[in-house]
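> This is the structure I have questions about; it appears just below.
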Amino acid sequence: MTDRDELAQLASKLGLLVDAREWTSVQELFCDAIDVDYTSLSGGEPQRLAPAELVEGWKANLESLRATQHLIANHVVTLDGDEARIATNVTATHISPDDSDAHWVVGGRYDMVARRTSAGWRIAALTLTVSWMTGSQEIMGGG
């Protein structure tokens, strides 16, 4: 497998593993510290987090939902030695925890920085740029 293939697979695994709630495996996709920028979604400031902190936050927000689907596609990979940039489209669908049809969908772009480690390519930075949203973000509060 080429570096480009591995990097595209790394980005795709992020969505698949989050949706499967395989939290330990999600943590393994990251470097020891991750620069995370979700300011286009939730305001605030970019943060540097340990993988466990990032994943615990996602788990707290997503675990109560009935389902999620994170489609991460159209990977554009730029290699620079042992560092790479991955630009992707992302559509994240969140389904209400109750029996209603309520949902919240976020569309936009992920920009990732990955680094080659002794364990393979790992994500060192993750930036979400939101382009659109539909549905009700209120379902994220538990229904």
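The values are calculated or read from the model by the stated rules, or taken from the named source; none is laboratory data. These numbers come from a predicted model, not from an experiment. Cβ: placed from backbone, ideal geometry, glycine included. Neighbour counts: every protein chain shown.
> In the set 120, 108, which member is touching a residue at least 60 places away in the same chain (Cβ under 8 Å), small (Gly, Ala, Ser) and out of contact with any Ser or Thr (no Cβ under 7 Å at 6 or more places or on another chain)?
Selected residue: 120, the only one of 120, 108 that is touching a residue at least 60 places away in the same chain (Cβ under 8 Å), small (Gly, Ala, Ser) and out of contact with any Ser or Thr (no Cβ under 7 Å at 6 or more places or on another chain).
> Would a scan of the stretch 8-21 turn up a residue that is among the β-branched types (Val, Ile, Thr), under 15 Å from residue 122 (Cα atoms), surrounded by 14 or more Cβ atoms within 10 Å (Cβ to Cβ) and modelled with pLDDT of 95 or more?
no
> Which of the residues belonging to the stretch 1-60 are hydroxyl-bearing (Ser, Thr, Tyr) and either within 20 Å of residue 87 (Cα to Cα) or not in a helix (DSSP H, G or I) (or both)?
Answer for the stretch 1-60, where residues must be hydroxyl-bearing (Ser, Thr, Tyr) and either within 20 Å of residue 87 (Cα to Cα) or not in a helix (DSSP H, G or I) (or both): 2, 12, 38, 39, 40.
> To continue, here is another question. Could you say which residue among 34, 86 is farther than 23 Å from residue 134 by Cα, touching a Phe, Trp or Tyr at 6+ places or on another chain (Cβ under 8 Å), in contact (Cβ under 8 Å) with a residue 40 or more places away in the chain and buried (at least 18 other Cβ atoms within 10 Å of the Cβ)?
86
> Any residue in the stretch 41-68 that's within 22 Å of residue 91 (Cα to Cα): show its pairings with residues that are outside any loop (DSSP other than H, G, I, E, B) and among the hydroxyl-bearing types (Ser, Thr, Tyr) at Cβ separation under 6 Å, as long as the two are six or more apart or on different chains.
Pairs that qualify, where the first residue is within 22 Å of residue 91 (Cα to Cα) and the partner is outside any loop (DSSP other than H, G, I, E, B) and among the hydroxyl-bearing types (Ser, Thr, Tyr), are 62/68.
> So, one more: Sort out which residues of the stretch 81-107 are more than 19 Å from residue 30 (Cβ to Cβ), part of a strand (DSSP E or B) and not aromatic (Phe, Trp, Tyr), and write them in order of number.
89, 91, 93, 94, 95, 103, 105, 106, 107
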